[in-house]
Amino acid sequence: MNPYDFIPLGRPSPRQPPPGHHGLAAQGGTIWARLTTLGPFLVAQQAGSQNVIAPVRQGKIIPGSSLKGMLRSVAEMVGGGCIRLSGSLYPRGKYGYAPAEEPHGFAPCDDINRLCVTCRMFGALIGRAAWKGLVEPGEGQWSGTGAPRTKSVDVIVGQPKPSHDAFYVKNRKIRGRKAYYHHPDKLIVSVSARHATYGARQTMKVLALEPGQTYDFRVRHEGLDPGAYALLLYAMFLEEGLNHKLGWGKPMGFGSVKIEPVAIEEIDLRARYRRGGERATVKHEGAAAAAHVNERTKDLRADTGEVMEAVRRMFRCPGPDAKWAYPTYSWFKQNPRATLEEFNDRNDMVR
């Protein structure tokens with residue numbers, strides 16, 4: 001079975017002006033969370049050798065930018081944000097993907113005063129205009145002592161290939177946003193590549209962290225309206241049985257992580273300047289934090305539309321009980337127009 005599939009685009013987010021940072025926001029707060037790795041994990045940097053990929057700072061941190069990218073990706077799927085970072089669809093900001101019709105309403109935001117929900121939340125850079133955003137994830141700190149243990153794995157690396165439109169397009173429509181199934185216990189490794197000149201050129205040695213690592217991080221926010229706050233909480237904690245993918249090697253089975261709430265602090269920013277302002281801050285901890293998340297995200301969790309059902313299918317961990325593999329080069333040569341479904345229906349895939 002192919003390791004990726006697509007989340008339908010759904011309905012686009014309306015474009016609205018950001019609230020600005022010049023006035024006092026009504027609400028703000030901090031969310032403390034704990035991340036646990038469920039399989040091999042790697043936020044990567046290039047090591048001294050060109051053929052070795054190693055963890056950032058020995059795996060002792062997860063950069064805040066990596067956490068922000070993960071949260072933004074989920075928020076875009078669920079909230080209908082613009083397709084801002086896909087150069088294959090919008091090179092230089094203009095739609096240029098010939099195999100499919102343009103998905104109207106999802107073009108990258110091009111006016112700093114008219115932003116989709118995720119650009120309002122996480123920020124945007126449009127020409128010389130910039131919007132900071134309302135959400136600031138901090139760095140994830142490893143909770144152990146010394147350094148996390150690593151394991152060397154040989155894997156085949158490559159880049160997404162949207163030019164193969166038989167997999168990316170259906171009925172002249174793009175299938176949606178790509179997502180990867182969870183299969184941390186069934187890695188796609190480069191066994192067959194050792195016997196193939198073409199595959200060997202794509203093989204790299206990876207130093208991945210072993211499962212069971214825990215990291216603590218926090219996310220600060222200010223100025224979110226109730227809908228955006230619910231979207232942030234959902235993007236962080238998903239639903240029971242669903243987990244995130246983070247870092248390098250998602251197609252091969254790396255990067256499955258579970259994120260749980262530790263504490264949530266809500267601040268009525270304006271109440272702090274009124275009489276009785278000492279009651280402006282409310283903090284939920286442990287089970288109360290989880291209950292707060294469930295209450296604020298109940299509408300999203302009750303949504304049974306095609307987008308949310310696809311999110312539940314793709315983020316379920318573990319994923320389907322399948323034999324995971326990409327098509328081989330020879331299969332592509334013999335089946336150049338076969339669809340993703342036709343490949344997944346095969347039962348003679350080679351790892």
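The values are calculated or read from the model by the stated rules, or taken from the named source; none is laboratory data. Computed from a predicted structure; not experimentally measured. Methodologically, a virtual Cβ is constructed for each residue, glycine included, from the backbone with ideal geometry; neighbour enumeration extends over all protein chains shown. Just the protein is used for accessible areas: all its heavy atoms, side chains included, with ligands, DNA and RNA removed. Shrake-Rupley method; radii C 1.70, N 1.55, O 1.52, S 1.80 Å.
Heads up, I need the accessible area for T304: 1.4 angstrom probe, whole protein in place, Å², nearest 10.
In the full protein context, T304 sits at about 110 Å².
Mind giving me the FRET efficiency for D154 and R128? R0 is 41 Å, r the Cβ-Cβ distance, nearest 0.05 is fine.
So the FRET efficiency works out to roughly 0.35.
If we sort 209-217, 127-135 on the protection proxy, mean other Cβ atoms within 10 Å, highest first, what's the order? Don't skip to the answer; put the middle values down first.
Values: 209-217: 18.3, 127-135: 15.3.
By packing density, highest mean first, the sequence is 209-217, 127-135.
Compute the angle between helix 287-296 and the longest alpha-carbon principal axis of the chain, please, reported from 0 to 90 degrees and rounded to the nearest 10.
90 degrees
Can you tell me how much longer the chain between A287 and E102 gets when fully stretched, taken as 0.36 nm per residue apart minus their C-alpha distance, in nm with one decimal?
Working: separation 185, 0.36 × 185 = 66.60 nm, distance 4.46 nm.
Result: 62.1 nm gained on full extension.
So how far apart, in nm, are the two label points at R172 and E309 if each is 7 Å from Cα heading toward Cβ?
2.6 nm
Give me the one-decimal nm value for the distance between modelled label points at R114 and E260, 7 Å along each residue's Cα-to-Cβ direction.
With each label point 7 Å from Cα toward Cβ, the separation is 4.6 nm.
Treating only the Cβ of Lys, Arg, Asp and Glu as charged (+1, +1, -1, -1), what charge dipole size does the chain show about its Cα centre? Round to the nearest 20 debye.
Working: 49 positive and 33 negative charges, 164 e Å.
Value, rounded to 20: 780 debye.
Given the pairs K94/K258; K161/K205; K178/K205; K258/K298; K186/K298; K245/K323, which span a C-alpha to C-alpha distance of over 30 angstrom in this model?
Over 30 Å Cα-Cα: K94/K258; K186/K298.
I'd like the accessible area for M308, computed on protein heavy atoms only with a 1.4 Å probe and all protein chains in place. Round to 10 Å², please.
Spelled out: M308, probe radius 1.4 Å, area about 0 Å².
Would you work out if the stretch 84-168 is rounded, prolate or oblate? Take a ≥ b ≥ c from the square roots of the eigenvalues of the alpha-carbon gyration tensor; rounded if a/c is under 1.5, else prolate when a/b is larger than b/c, oblate otherwise.
Verdict is oblate for the stretch 84-168.
Assuming 1.306 mPa s and 10 °C, estimate D for the chain with Stokes-Einstein, Rh taken as the Kirkwood radius over Cα pairs, in µm²/s. Intermediate results must be reported in sequence, preceding the final value.
Numbers: Rh = 21.8 Å.
In µm²/s, the coefficient is 73.
Place the peptides 329-339, 148-158, 105-115, 173-183 in order of packing, highest mean first, counting for every residue the other Cβ atoms within 10 Å and averaging per peptide. Could you put the intermediate results ahead of the total?
On the way: 329-339: 12.0, 148-158: 15.6, 105-115: 17.6, 173-183: 20.8.
My ranking of the peptides, most packed first, is 173-183, 105-115, 148-158, 329-339.
Give me the one-decimal nm value for the distance between modelled label points at D345 and V189, 7 Å along each residue's Cα-to-Cβ direction.
About 3.3 nm, to one decimal.
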